[in-house]
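Right, one structure below, let's go through it.
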Amino acid sequence: MKFDAHAGLKRGLDVVLVLAMLYAAAVGFGLIRHGGNFEEGTKAPDFLVRSIWDGKDYNLEKLKGKTVLLNFFSTGCPSCRRELSVVEDLQRQGGDRLKVLVVSADDPKDLKAFMAERNTSLEVTVDISRAHDAYGVSTIPYMVVIDPDGNIREDVVGDIRWSDIEPWLP
């Protein structure tokens with residue numbers, strides 16, 4: 001029996017492609033969750049974001065004493081759009097003890113029109129201080145849970161759950 005190197009290479013690439021697609025689907029459906037830009041308990045990098053609704057600025061100092069959920073978002077990201085209702089539910093569950101900030105690098109006018117169309121109650125902000133860089137955002141949606149003392153407790157790509165946030169509420 002003769003070994004065909006070309007056929008073997010093709011078969012190997014097919015296997016790698018199928019495994020990559022299965023992994024992407026598992027991440028997309030929340031079966032596999034990952035983040036890992038930060039170790040739990042790491043001091044959160046400061047940031048400065050501006051509300052698209054009223055122009056109010058937010059940073060860690062202003063939010064001290066509250067648990068913060070940063071939701072890095074883009075209007076062009078289907079997973080981000082799908083996740084918005086989940087994030088809104090988390091904000092409702094957390095009430096006054098949780099501050100959710102949707103953080104985007106999108107054009108503020110486009111972002112405001114997009115969010116107004118969806119009638120969201122979330123605090124939607126634009127990144128004005130390179131928060132995306134400070135948090136190492138390379139894939140979205142990316143969520144970061146910051147405790148009331150300013151320490152990172154969770155950071156995940158994709159979906160976030162109430163159980164990721166609740167232990168850190170004051």
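Which of the residues that make up segment 77-107 are free of Cβ contacts under 8 Å to residues at least 24 places away in the same chain and among the hydrophobic types (A, V, I, L, M, F, W, C)?
Within segment 77-107, no residue meets the criteria.
How about segment 72-170: which helices (runs of 4 or more DSSP H) wholly inside it have at least 3 residues that are in contact with a strand residue (DSSP E or B) (Cβ under 9 Å, 6 or more places away or on another chain) and of a type in the set (D, E, K, R)?
78-94
Residue-by-condition table, conditions (1) modelled with pLDDT under 65; (2) in contact with a strand residue (DSSP E or B) (Cβ under 9 Å, 6 or more places away or on another chain):
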{"site": "Gly12", "(1), (2)": "no, no"}
{"site": "Ala20", "(1), (2)": "yes, no"}
{"site": "Tyr23", "(1), (2)": "yes, no"}
{"site": "Val27", "(1), (2)": "yes, yes"}
{"site": "Gly30", "(1), (2)": "yes, no"}
{"site": "Glu40", "(1), (2)": "no, yes"}
{"site": "Ala44", "(1), (2)": "no, yes"}
{"site": "Asp54", "(1), (2)": "no, no"}
{"site": "Gly65", "(1), (2)": "no, no"}
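Hey, does segment 56-70 have a residue that's in contact (Cβ under 8 Å) with a residue 40 or more places away in the chain, crowded, with 20+ Cβ neighbours inside 10 Å and not in a strand (DSSP E or B)?
Taking every residue of segment 56-70 in turn, none turns out to be in contact (Cβ under 8 Å) with a residue 40 or more places away in the chain, crowded, with 20+ Cβ neighbours inside 10 Å and not in a strand (DSSP E or B).
The values are calculated or read from the model by the stated rules, or taken from the named source; none is laboratory data. Keep in mind the model is a prediction, meaning the values are calculated, not measured. A quick note on method: Cβ atoms are made from the backbone with ideal geometry, for glycine too, and the neighbour counts reach across all protein chains shown.
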